[in-house]
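These notes concern the structure reproduced below.
Every number here is computed from the coordinates shown, using simple stated rules; none is lab data. Source: prediction; values computed, not measured. Because the Cβ atoms are built from the backbone with ideal geometry, glycine has one as well, and the counts that use them run over all protein chains shown.
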Amino acid sequence: MPDIESLLSEKRVFKPGKDFARAANWSKKDVAALRKDAAKNPTRFWAKMAKENVSFFSPWKKVLDWKPPFAKWFVGSKLNVSYNCIDRHLEGKNAWRRNKAAIIWEGEPGDKRVITYGELHREVCKFANALKALGVKKGDRVCLYMPMVPELAIAMLACTRIGAPHSIVFGGFSADALRDRIADAGAHVVITADGGYRRGAPFALKEAVDAAVSGDSPVESVVVVKRTGQDVTWKAGRDHWWHDLMAEASTKCPPAKLDAEHPLFILYTSGTTGKPKGILHTTAGYLTHVTTTFKAIFDIKDSDTYWCTADIGWITGHSYVIYGPLANGATTLMYEGVPTHPGPDRWWDVIERHRVSIFYTAPTAIRTFIRLGDEHPKSHDLSSLRLLGTVGEPINPEAWMWYHKVIGGKRCPIVDTWWQTETGGIMISPLPGAVDTKPGSGTLPFPGVDAAILDDDGNEVKPPDGGFLAVRQPWPGMLRGIWGDKERFREVYWSKWKRKGTYFAGDGAHRDKGGYFWIMGRVDDVMNVSGHRIGTMEVESALVSHPDVAESAVVGREDEITGTAVVAFVTPKANVLADDGLAKRLRDHVAKEIGAIAKPKDVRFTPALPKTRSGKIMRRLLRDIASGKETAGDTSTLEDFSVLAKLRGDED
């Protein structure tokens, strides 16, 4: 029996438009040659990409030093990420970019800033000097706990300029979560703000920092950006206003020449034990990966305005809001607030006003907009868009089709990307000028990425059966470890199979007969129904393909007869009556689309699903609710706690 059965069939195919393909950075011919070269020698391929896309102060002596599971890329080279993202765009033939917009920023209240590459260079140098004045040296960790404001990008780049690894903690985390991350990283400096804006109101950040650094804390200095003007408590000698430090700082700060494997950042991700894992990324390999993938997958041109809606507190924000775009000399848009304030058309209004041409967002957001209705995007001119992308979780085919038709006007290719905090950059994605797309499929691995689908014994699974998604060769953007815990790094990611150096992604997937990858969701979300292992994503896709459904999440609960019963949590579209009749129609619809084995035993209607602040559905909480258990584990990342009460029936 295959490890995970694939039951959903998708046969629609979309070819790249001729005009898009003709002008693409990577043509079909280019991609065919690159794939061939990369398959023969992936290390040589990545060396070629590094030479083309990254500026080094001194060359490497060895491309890859691989002692599984520990890798070193571009060994012996020297470089600086800040230099690659700013300085090189001010020199030689690129000097015209000095007055090009690097960051277009819009706050939720409507305030706006445009920062050119020349201005960004000046601000980054000044804050790098401010950090030095606070005693920050190469190798010291700096914690950033900030709203989506330009100072966050400036602080990141200032850290990279002097070689101080940053650890960004998403501004929605609690003081306790922040304290744990500060302690684990050993950060002596925290950069924050008085607060930010969300859903039309200011929220506080400084008070959480005060709580997090009280008592026994390594923190010696707290830098505060004045964003909302709300009152904050102040500790003289420890606390510093950003604007005061900047007023005294020099505009000259040469970039440090750092080793290829110098730590670039630590980013904490949730762990099954409850203790967050500090994922470590280093300099040369990570920068090569994100710069190359951004250029190829988003087909970036100097005329583009690019918008990734992710918060910089997550890996998507690191790689594809800041480092990938700026290293390519692109214009990247940052937006502070929620997509539905002051109205449900805010994002479409932003796209229209700023003439956004490339738009990268999460399937969760797309499904939310489907529920809100087509009239909102249709009331805006979205003709500037030429490329769309999705990130964060598998996108179900019907949401893909809505995105294609309503947002893309049937003309924009969609790059459906699979990657993780741990991979650093995109691993599986269409190349928009060269690869035919299928709704719901990430298509093929990026050249130089050896992704495969394996069974429990490490054998490759034949299409169309499913199994465990794995990466069998090192790649430049790969995590270098879990901060301070080598054994946990080895155990979590590299121990599933006997073959050394095989990375276990934790996701289930299958390949169709054309070789395309279909991500089926986290392995711990796979349901074993009457001996059949079924991925949640396929059942959710079948439910969302029903015209009355906006969003769904599927989990399993114990069942005496089938082992696991399928429980569906469904958000109907606006003005759809959620009753027993709809539940029956949905159960029958799943049986028709997939088969009776996947038919939900229970269908529960809800106006919203429990999600993290990055938009991922918290199926762990849904499993507890489906089984009638008390909600267990950490809920600090939950976006809206009232959702849990409604799902339990505690509220009307």
Inset, instruction - Give the residue that is nearest to Y83 (Cα to Cα), with candidates limited to residues of the range 331-344 that are in contact with a helix residue (DSSP H, G or I) (Cβ under 9 Å, 6 or more places away or on another chain) and not in a strand (DSSP E or B). - result: G337
Inset, instruction - Filter the range 114-138 for residues that are more than 30 Å from G237 (Cβ to Cβ) and in contact with an Asp or Glu (Cβ under 8 Å, 6 or more places away or on another chain) and give the result. - result: I115, H121
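Condition check ((1) farther than 19 Å from Y83 by Cβ; (2) outside any loop (DSSP other than H, G, I, E, B); (3) in contact with a Lys or Arg (Cβ under 7 Å, 6 or more places away or on another chain)) across all residues:
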| site | (1), (2), (3) |
| --- | --- |
| I279 | yes, yes, no |
| T292 | no, yes, no |
| K295 | no, yes, no |
| S303 | yes, no, no |
| G313 | yes, no, no |
| S319 | no, yes, no |
| Y323 | no, yes, no |
| G329 | no, no, yes |
Inset, instruction - Return the residue satisfying two criteria in turn: it lies in the range 216-229 and is of a type in the set (D, E, K, R) and under 24 Å from P150 (Cβ atoms), and of such residues it is farthest from the chain's Cα centre (by Cα). - result: K226
Inset, instruction - Would you kindly identify the strands (runs of 3 or more DSSP E) lying entirely within the range 432-535 that contain at least 1 residues that are in contact (Cβ under 8 Å) with a residue 12 or more places away in the chain, crowded, with 18+ Cβ neighbours inside 10 Å and of a type in the set (G, A, S)? - result: 451-454, 466-471, 503-511, 517-522
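Kindly indicate which of A247, A211, A204 is of a type in the set (G, A, S), free of Cβ contacts under 8 Å to residues at least 40 places away in the same chain and touching a Gly at 6+ places or on another chain (Cβ under 6 Å). Full working, then the answer.
On the way: A247 fails: touching a Gly at 6+ places or on another chain (Cβ under 6 Å); A211 fails: touching a Gly at 6+ places or on another chain (Cβ under 6 Å).
Criteria check complete, one pass: A204.
Quick one: would you say H341 is in contact with a strand residue (DSSP E or B) (Cβ under 9 Å, 6 or more places away or on another chain) and closer than 30 Å to E91 by Cβ?
Details: in contact with a strand residue (DSSP E or B) (Cβ under 9 Å, 6 or more places away or on another chain): yes; closer than 30 Å to E91 by Cβ: no.
So H341 does not fit the description; no.
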Inset, instruction - Select from the range 371-394 the residues that are touching an Asp or Glu at 6+ places or on another chain (Cβ under 7 Å) and of a type in the set (A, V, I, L, M) and write down the one among them that is surrounded by the fewest Cβ atoms within 10 Å (Cβ to Cβ). - result: L382
Inset, instruction - List the number of the failed condition for S429; all other conditions in (1) in contact (Cβ under 8 Å) with a residue 40 or more places away in the chain; (2) of a type in the set (S, T, Y); (3) over 30 Å from D374 (Cβ atoms) hold. - result: (3)
Inset, instruction - Could you please give the count of residues in the range 395-416 that are surrounded by 24 or more Cβ atoms within 10 Å (Cβ to Cβ) and part of a loop (DSSP other than H, G, I, E, B)? - result: 3
Legend entry - Yes/no for G448 being more than 17 Å from K616 (Cα to Cα) and out of contact with any helix residue (DSSP H, G or I) (no Cβ under 6 Å at 6 or more places or on another chain): no
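Can you say whether V213 is farther than 21 Å from A102 by Cβ and more than 25 Å from the chain's Cα centre (by Cα), as far as the supplied structure shows?
Values: farther than 21 Å from A102 by Cβ: yes; more than 25 Å from the chain's Cα centre (by Cα): yes.
Spelling it out, V213 is indeed farther than 21 Å from A102 by Cβ and more than 25 Å from the chain's Cα centre (by Cα).
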Inset, instruction - Hey, can you tell me all the residues within the range 122-146 that are touching a strand residue (DSSP E or B) at 6+ places or on another chain (Cβ under 9 Å) and over 19 Å from A187 (Cβ atoms)? - result: E123
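Taking the stated definitions as given, is G392 among the small types (G, A, S) and over 22 Å from K36 (Cβ atoms)?
Numbers: among the small types (G, A, S): yes; over 22 Å from K36 (Cβ atoms): yes.
For G392, the condition - among the small types (G, A, S) and over 22 Å from K36 (Cβ atoms) - is met.
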Inset, instruction - Kindly indicate whether any position in the range 345-353 is touching a Pro at 6+ places or on another chain (Cβ under 9 Å) and not in a helix (DSSP H, G or I). - result: yes
Inset, instruction - Considering only the range 371-389, state which residues are of a type in the set (D, E) and outside any helix (DSSP H, G or I). - result: D374, D381
